[in-house]
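The values are calculated or read from the model by the stated rules, or taken from the named source; none is laboratory data. Just so it is clear, the structure is predicted and the values come from calculations on it, not from any experiment. Cβ sites come from the backbone with ideal geometry, for glycine too, and all protein chains shown count toward neighbours.
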Amino acid sequence: MAQRFYDTRTATVRDFVPLTGGEVSLYYCGATVQGMPHVGHVRSAIVFDILIRWLGHTGLRVTSVRNVTDIDDKILEKSAASYAPDFEEDDLYPAEEPWFALAYRFEQEFARAYAALGVRRPTYEPRATGHVPEMFALIQRLIDAGHAYPAADGSGDVYFDVRSWPAYGELTRQRVEDMQDAPDADPRGKRDPRDFALWKGAKDTDPETATWASPWGRGRPGWHLECSAMATKYLGRRFDIHGGGLDLRFPHHENELAQSAAAGDGFANFWLHNGMVTYEGEKMSKSVGNTISPEEMLALARPKAVRYFLGQAHYRSPLDYRPTSLQEAEAAVERIEAFLERGADVVAEAQLRREEAAGGEDAGQAVYVAAFSSVPPAFRAAMEDDLNVPQALAVLHESVRAGNSALAAGDVEAVEQHYADVEAMVSVLGLDDVPEPEGGQDPAARHALDTLVRAQLDARAAARAAKDWATADAIRDTLAAAGVVVEDSADGARWSLQ
């Protein structure tokens, strides 16, 4: 099967063929750093991290760009609020914080959240404030082509003329007449209420440091313009994939596409959008009180389990959070880890025998790599089918089950094959790249649990030795009810979480 993706622009699943052989260029929208990261930001980052890892696994060289929007109305508003006499300073919101310091502080919070969940750094991570000259050039191209105009009221605003571009609305398949007015600046300066700002003229309330001198007067860039300028700066005027959350399709991505195409850029060949995160089927809302943050998730479960949960649904589907979601993810991760832990000794011993038989370490390693070097065909088929991670996870867990059966049967060759398969799939999904804080997530708790379970297993072994089958069965049932699975082997009983 060829690699296929659902393209939002054409509303079809299409074969993906890179514009340049052997290479992929990808841009996905990062954060507007005006507050702490929310779970939607992190889910989107994990989705595109898995995509990048998968494309890399297939042998493609991926150049990825994730922007940082570090100038924005809300950033300025929060900074201004910190100077108010009644503002209450705390650790998160210090008093009298300049807008650029606030933006940088929250940019670091996003970086920490990404790193905690194993999201790799993109090839480039440009800030909007570092690319104002490129934005000037794009605005001028649009004015020269008749698709943009400075506001007639002398405000310094520059707008994109949506009526001048017949294809406007093609990404979301809307007619201009059905669209809401663009919420930009003073509508008196617009030719059409749906025209959107490319450049925002400075207001009296704007800090001097938050404005730039431009051919149209002091001001700052519009939100949509930033991404078009940065994407083409690093990836060229035509590139393979543009991604982001479903909530960005309109107006952000619609406007990006319009202004870029109107300026003569081919822009993105594919548009990929990930679904939202819901709470028990409902949209998350602070006013309703049904939200959970990445920080809260990381307090409830290991980072690896949080990543598993946030990456497990099909990227285009909603991801529903329930109070038991992280426990279920933790159990799934535990099953994978338990097999890898048990299989590691068997694989190491077989590798040693192979090296000895082949006459040296390098020769033995060559035999191993040649035999086990890729993901199973079913996993590959799932990932090639529009990045079908749920089906890929089903293949992963089936390999874990088969590997456990091979361990029980003493089938070393089968153990090696399943072990290699599982390692390869775990790597593609990024589950092997999640750091464990301080050498492991709550090692004291894990040690305490292991001590308690082993005490029960010792009591069960004593009961079995005394042929007290009722007591032995009762202990096993108690452990099973607590989610602890007991497996008997010639080396004694092993336990894992269900």
In the stretch 69-85, how many are surrounded by 13 or more Cβ atoms within 10 Å (Cβ to Cβ), among the small types (Gly, Ala, Ser) and free of Cβ contacts under 8 Å to residues at least 40 places away in the same chain? 2
For the stretch 25-37, indicate whether the set of residues that are at pLDDT 95 or above and within 20 Å of Gly59 (Cβ to Cβ) is non-empty. yes
Output for Cβ contacts, cut-off 7 Å, separation at least six or different chains, first residue closer than 26 Å to Ile241 by Cβ and at pLDDT 80 or above in the stretch 165-193, second among the β-branched types (Val, Ile, Thr) and in a loop (DSSP other than H, G, I, E, B), reads Leu171/Thr8
Just one of the numbered conditions (1) surrounded by fewer than 18 Cβ atoms within 10 Å (Cβ to Cβ); (2) under 14 Å from Val68 (Cβ atoms) is not true of Glu88; which one? (2)
What are the pairs, 6+ residues apart or on separate chains, where a residue within the stretch 1-29 that is crowded, with 20+ Cβ neighbours inside 10 Å and among the aliphatic types (A, V, I, L, M) has its Cβ under 6 Å from a residue that is at pLDDT 95 or above and in a strand (DSSP E or B)? Val24/Val62; Val24/Asp240; Leu26/Ser64; Leu26/Ile241
Hey, among Ala338, Ala344, Ala332, which residue is under 16 Å from Val422 (Cβ atoms) and surrounded by fewer than 17 Cβ atoms within 10 Å (Cβ to Cβ)? Ala344
Checked Leu393, Leu387 against criteria (modelled with pLDDT of 95 or more and more than 28 Å from Gln351 (Cα to Cα)); the one match is Leu387
Among residues belonging to the stretch 222-253 that are assigned to a helix (DSSP H, G or I) and in contact with a Gly (Cβ under 7 Å, 6 or more places away or on another chain), point out the one that is surrounded by the fewest Cβ atoms within 10 Å (Cβ to Cβ). Leu246
